[in-house]
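What follows is calculated from the coordinates using simple rules that are stated; it is not laboratory data. Here the structure is a predicted model, which is why all the values come from computation and not from measurement. Quick reminder, even Gly has a Cβ in these numbers, built from the backbone with ideal geometry, and neighbours come from all protein chains shown.
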Amino acid sequence: MNKFVITGGKKLKGTIRVNGAKNDALVIFAASLLTTQPVTVDNIPDIEDIKKLFKLMEKLGCKIERTGTSKYKIKTTQLNSHLIDSDIAKKIRASILLTAPLLGRFGRVRFPHPGGCVIGERPIDQFLDGYKSMGAKIRIRGNLYEITASRLKGAEFVFNNITVTGTESLIMAATLAKGRTMLKNCACEPEVKSLAGFLNSCGAKIVGAGTPYITIYGVDKLKGGVHRVISDRVEAGSFVILAVATNSDITIKNCEPGHLDALLSSLRKAGANFSVGKNSIEVRPSRLNSINIKTHEYPGFPTDLQAPFCVLLTQSKGSGLVHETIYEGRLTWTEDLKRMGADIHIYDPHRIEIKGPTKLRGREAESPDIRAGMAYLIAALCAKGKSTINNVYQIDRGYEKIEERLRKIGADIRRV
Ligand code: EPZ
């Protein structure tokens, strides 16, 4: 199993480019199953979760051809199965994104409860209730769900909990359904808007994506299309936090600052020194004061940047309360950060308090999921001495060749 060996305590310097968004690429690939015509997708990051989704889709009969550095062509004419492979599906939450298109194409789908980052219970009741409201039948066979519907019907559905993949799945389900669907209390993330833009370019009729109210007028079929995946706002945010926490001079390029409002306003409040360009953010050294953060659905403070921001708070003066509102298991990773010397008090599964600044010491840590893995990497770069991060597969799931890109800005990091 790969690991990173990092010697920290150095200021970094230079420019780092942001890749295409994992969470946009995953849903666009799934959506390509809604048409029998070819789909070309560009700006795809070379990361583990994408490779896993490719394997799932190829097992269903898809042909996926690489036609450029980050460009792929998908052909679904030979799609021949509605059974999603359990072994792979249990490794990525995004496997759930295949259920709506398969239901639309075959009128049936069989799948296991999706896996992925262990950051909370991550139920799928909203997906199942949504499909049921559109006339689908749900059965549980052993540890597989089986959903059937000759053709889904338009419906009105209100999400009890805001879920990005849930919103994306009901948009895809409604796209080929009979009649009009109205979705309420939807996720407003940029990836949801990007999905609707892609589907509309293929002939769908979706209105209101990016707001809590989305209306879809079902169509009989879609044509093929071409899509460029949006820049990864979570990767961009991780790099900005890395730059500020290590007190470095770094320019983050090829990003969409407008997708990072909540993070940038928090950093301004903490006294960070940075300037924002059209598609870039320039970070300069600064003295930080602690602030409180509370994660929230978009456009609020992203839960995927909570872990990296906790490390930044260990380097800030004063005490900061971190309130994780989305997941009940996304703060447990801080135990190892405490062992690196951080002053953290855990109040309950959703709240911790971090006092700083503290001198972090290099040590061994196990990355439990993508974002906590990135947080350990940032902590190791802040820390004095050597750190070893195990199970870097988790980091590779969301960040392409991270050690090579960080070495280019002066980080002492190697993969062993
Ligand atoms: C998406 O997950 C992202 N993944 C996650 O990013 C991100 O953390 C999350 O949105 C929140 O922003 C992708 O887009 C592939 P959820 P999603 O598990 O939509 C509750 C990363 O690091 N809920 O649906 O799958 C649930 O308990 C990953 O890139 C229900 O109650 O998020 C949670 O509180 C990690 N019932 C909230 O909704 C349901 O049926 C969101 O959870 C579904 C969800």
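Output the number of residues of the range 106-117 satisfying the condition of being part of a loop (DSSP other than H, G, I, E, B) and touching a Ser or Thr at 6+ places or on another chain (Cβ under 9 Å).
Applying the first criterion (part of a loop (DSSP other than H, G, I, E, B)) to the range 106-117 yields 107, 113-117.
The next check asks that each one be touching a Ser or Thr at 6+ places or on another chain (Cβ under 9 Å); those that pass are 107, 114-116.
Number satisfying all stated conditions: 4.
Identify all residues within the range 320-348 that are within 16 Å of the ligand (Cβ to nearest atom), out of contact with any Asp or Glu (no Cβ under 6 Å at 6 or more places or on another chain), free of Cβ contacts under 8 Å to residues at least 60 places away in the same chain and not β-branched (V, I, T); write none if there are none. Working first, answer last.
Start the filter on the range 320-348 by keeping residues that are within 16 Å of the ligand (Cβ to nearest atom), which leaves 322-333, 348.
This time we only want the ones that are out of contact with any Asp or Glu (no Cβ under 6 Å at 6 or more places or on another chain), so: 322-329, 332-333, 348.
Still in the list and also free of Cβ contacts under 8 Å to residues at least 60 places away in the same chain: 322-325, 332-333, 348.
Passing the criteria: H323, E324, W333, D348.
Just to be sure I understand, how many residues within the range 384-414 are among the basic types (K, R) and assigned to a strand (DSSP E or B)?
From the range 384-414, those among the basic types (K, R) are 384, 386, 397, 401, 405, 407-408, 414; that's our starting set.
Subset that is assigned to a strand (DSSP E or B): 384, 386, 414.
Number of matching residues: 3.
Tell me whether the range 258-266 contains one or more residues that are crowded, with 19+ Cβ neighbours inside 10 Å and more than 26 Å from G329 (Cα to Cα).
No, that holds for no residue.
Looking only at the range 214-238, count how many residues are closer than 22 Å to I281 by Cα and in contact with a Leu (Cβ under 9 Å, 6 or more places away or on another chain). First the steps, then the outcome.
Step one: of the range 214-238, the residues closer than 22 Å to I281 by Cα are 228-238.
Next, only the ones that are in contact with a Leu (Cβ under 9 Å, 6 or more places away or on another chain) stay: 233-234, 236-238.
Number of matching residues: 5.
Going by what's in this entry, would D220 be described as assigned to a loop (DSSP other than H, G, I, E, B) and either within 16 Å of the ligand (Cβ to nearest atom) or closer than 27 Å to A100 by Cα (or both)?
Working: assigned to a loop (DSSP other than H, G, I, E, B): yes; either within 16 Å of the ligand (Cβ to nearest atom) or closer than 27 Å to A100 by Cα (or both): yes.
So D220 fits the description; yes.
Does I171 satisfy the condition of being within 16 Å of the ligand (Cβ to nearest atom), within 25 Å of K22 (Cβ to Cβ) and surrounded by fewer than 23 Cβ atoms within 10 Å (Cβ to Cβ)?
Details: within 16 Å of the ligand (Cβ to nearest atom): yes; within 25 Å of K22 (Cβ to Cβ): yes; surrounded by fewer than 23 Cβ atoms within 10 Å (Cβ to Cβ): no.
No.
For (1) within 23 Å of G398 (Cβ to Cβ); (2) buried (at least 16 other Cβ atoms within 10 Å of the Cβ), each residue gets a yes or a no:
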{"position": "G277", "(1), (2)": "no, no"}
{"position": "R284", "(1), (2)": "no, no"}
{"position": "S290", "(1), (2)": "no, yes"}
{"position": "V322", "(1), (2)": "yes, yes"}
{"position": "E328", "(1), (2)": "yes, no"}
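What number of residues within the range 107-120 satisfy the criterion of being surrounded by fewer than 16 Cβ atoms within 10 Å (Cβ to Cβ) and near the ligand (Cβ under 6 Å from one of its atoms)?
1
Going by what's in this entry, would G271 be described as assigned to a strand (DSSP E or B) and free of Cβ contacts under 8 Å to residues at least 40 places away in the same chain? Give the derivation first.
On the way: assigned to a strand (DSSP E or B): no; free of Cβ contacts under 8 Å to residues at least 40 places away in the same chain: yes.
In short, no.
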